[in-house]
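The values are calculated or read from the model by the stated rules, or taken from the named source; none is laboratory data. Keep in mind that this is a model prediction, so the values were computed, not measured. Positions of Cβ are backbone-derived with ideal geometry, glycine not excepted, and every protein chain shown enters the neighbour counts.
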């Protein structure tokens with residue numbers, strides 16, 4: 001479905017469009033205050049809801065009051081989502097084992113009280129390459145052949 005079929009569909013504005021909205025509001029403003037009806041006019045100009053225009057204006061004014069030299073209208077100012085738990089101590093302890101004597105991931109996850117999937121993901125992020133069982137068997141066969 002296109003936006004033409006749904007007149008009330010949300011429209012994600014690009015950075016340039018948000019700056020355009022802010023510039024239009026700044027042209028109409030005087031001393032950080034907007035005249036009556038300015039938000040509605042700008043909303044009609046850009047084809048967005050007046051709440052969107054008001055949010056952009058509030059973000060810009062907020063960034064100035066926080067000490068910025070310019071009005072910042074970027075879309076993602078804040079961090080969002082669940083914060084990651086810190087398992088750095090447990091991972092360091094796991095990595096301190098020699099690679100040949102490390103327990104399996106299931107046993108290590110239970111011993112360090114870390115979810116197994118989290119342990120796998122953090123090891124992948126750190127660049128730790130785990131060998132699959134078939135790779136271990138192949139490497140053992142090569143050692144036997146060399147003898």
Please give the number of the condition residue 61 fails out of (1) in a helix (DSSP H, G or I); (2) at pLDDT below 80; (3) within 20 Å of residue 29 (Cα to Cα). (2)
Mind listing just one residue for me: the one in the stretch 67-97 that is modelled with pLDDT under 80 and over 21 Å from the mean Cα position of the chain (by Cα) and, of those, farthest from residue 22 (Cα to Cα)? 67
Those residues of the stretch 106-141 which are surrounded by 10 or more Cβ atoms within 10 Å (Cβ to Cβ), at pLDDT below 85 and assigned to a helix (DSSP H, G or I) amount to 135, 136, 137, 138, 139, 140, 141
Starting from the stretch 6-18, keep only residues that are under 13 Å from residue 56 (Cβ atoms), then list their pairs with residues that are modelled with pLDDT of 85 or more and loosely packed, with under 10 Cβ neighbours inside 10 Å whose Cβ atoms are within a distance under 6 Å, requiring at least 6 positions of separation or different chains. none
Residue 69 vs. criteria at positive phi and not assigned by TED's automatic domain parsing to the domain that holds residue 124: no
